[in-house]
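Please read the structure below before turning to the comments.
Read-outs: derived from the displayed coordinates by stated rules, not from any lab. Note that the structure is predicted; figures quoted are calculated from it, not measured. Here the Cβ is made from the backbone with ideal geometry for all residues, glycine too, and neighbour counts use every protein chain on show.
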Amino acid sequence: MSEPFDRLQAVRARIATAAAAAGRAEDSVRLLAVGKTRPPEDLAALRALGQRAFGENYVQEAEAKMAALAGLDLEWHYIGRVQTNKTRPIAERFHWVHGLADLHHARRLNEQRPPDLPPLHVCIQVNVSGERSKGGVSPEAVAELARAVSALPRLRLRGLMTIPAPAATPEAQRAPYRALRELRDRLGAGGLELDTLSMGMSDDLEAAIVEGATLVRVGTALFGPRPAGAGARLG
Ligand SMILES: *Cc1c(COP(=O)(O)O)cnc(C)c1O
């Protein structure tokens, strides 16, 4: 037994319990290990235990880890804010992007995705709780952006993502996740089927799974507390 093993087992057990409580299959929820601020060895330890999908917020930090962990067959997800001057390395190096919120960025990613790679999987980030500080498009703007993104051949629109404000009660945790699911359902009714809801983190993954999360992004619960000050640019 080791600390990474214990933590991974504990997170998997939480996912399984929440899925069962919601009447969902355990394998309907993917675990994305969020490695920001963690050294490559910590990611390699989880890889050795079977974890393959890793999320990173900062492009330079991610590139250093990609180099250090080359050959381990990892799947890299960019979960930070997309910035115009970072679209090229994102398009060239990552498999997924979760924080897309702007058609200009989508067009650049589409143009910059290398032709020898499969299309870049993307989720549109939605600001369901309406806070000014959080990234993401407003719920009203999602349909138009989703239609435009889905027409870009080098991107593959998979779903929606959100980072809600921290909430005190389980019911309050569920509200923004329910809103994201309903948004996804409305897009589906309008003919745009999306298979991914990227929602839920260490503190609230149960609430997200009950509301339909298909991918939870978990850092602290897998790796332990981040050093003070690290990750302050969250969202
Ligand atoms: C850091 C981060 C997470 C993981 O947060 P934890 O609370 O450590 O599980 C998930 N999503 C995004 C976008 C993040 O930046």
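Contour minus end-to-end for LEU49 and SER129, with contour as 0.36 nm per residue of separation and end-to-end as the Cα-Cα distance? Let's see the in-between values first.
Details: separation 80, 0.36 × 80 = 28.80 nm, distance 3.58 nm.
Using 0.36 nm per residue and subtracting the Cα-Cα distance, I get 25.2 nm.
Going by amide H atoms built from the backbone, whose H comes under 5 Å of the H on GLY219, apart from near neighbours? Amide H neighbours of GLY219: VAL34, SER202.
Take the convex hull of the alpha carbons in the stretch 1-65; its mean projected area over all directions comes to 4.8 nm². Near VAL137, the amide H atoms lying under 5 Å from its own belong to GLN125, VAL126, ASN127; only residues 5 or more places off or on other chains count, and H is placed 1.01 Å from N. Residues within the reach of a label modelled at ASP73 (point 7 angstrom out along Cα to beta-carbon, backbone nitrogen below 18 Å), restricted to the stretch 114-135, are 118.
Looking at the calculated P(r) for the stretch 3-223, what percent of the C-alpha pair distances fall above 23 Å? It would help to have the intermediate numbers written out before the result.
Values: 10970 of 24310 pairs.
Here the long-distance tail beyond 23 Å is 45 percent of all Cα pairs in the stretch 3-223.
Taking amide hydrogens as placed 1.01 Å from N in the peptide plane, the amide H of ALA53 sits under 5 Å from those of ALA33, GLU75, each at least 5 positions away in sequence or on another chain. For a straight C-alpha distance cut-off of 24 angstrom, the lysines reachable from LYS134 (same-chain residues fewer than eight places away being disregarded) are LYS36, LYS86. Taking other C-beta atoms within 10 angstrom as a stand-in for reagent exposure, HIS104, HIS98 fall in the order HIS104, HIS98, fewest first. For the chain, excluding the exposed loop sites themselves (trypsin sites (Lys or Arg not before Pro), DSSP loop, at most 11 other Cβ atoms within 10 Å), the longest remaining stretch covers 1-131. Remark: the stretch 159-167, residue by residue, has Karplus-estimated 3J(HN,Hα) of x, 10, 9, 8, 10, x, 5, x, 10 Hz, where x stands for each Gly or Pro and the curve is 6.51 cos²θ - 1.76 cosθ + 1.60 at θ = phi - 60°. From the largest down, the stretch 136-217 spans 40, 22, 20 angstrom on the principal axes of its Cα atoms. Contact order for the stretch 3-223, expressed relative to its length and based on alpha carbon pairs under 8 Å spaced 6+ residues apart, stands at 21 percent.
Between the residues ALA221, ALA207, PRO166, the greatest Cα displacement towards the positive end of the dipole of the chain, with unit charges on the Cβ of Lys, Arg, Asp and Glu, is found for PRO166.
Relative contact order for the stretch 163-235: 28 percent, from Cα pairs under 8 Å spaced at least 6 residues apart, divided by residue count. Kirkwood radius for the stretch 61-104, taken over all pairs of different Cα atoms as the inverse mean of 1/r, rounds to 11.2 Å. Span-like helices, the chain: DSSP H, alpha-carbon axial extent 24 Å or more, mean Kyte-Doolittle -1.0 or greater, which ones? Span-like helices in the chain: 3-21.
Just report the Cα centroid separation between the stretch 75-90 and the stretch 92-120, whole Å. For the stretch 75-90 versus the stretch 92-120, the Cα centre distance is 8 Å.
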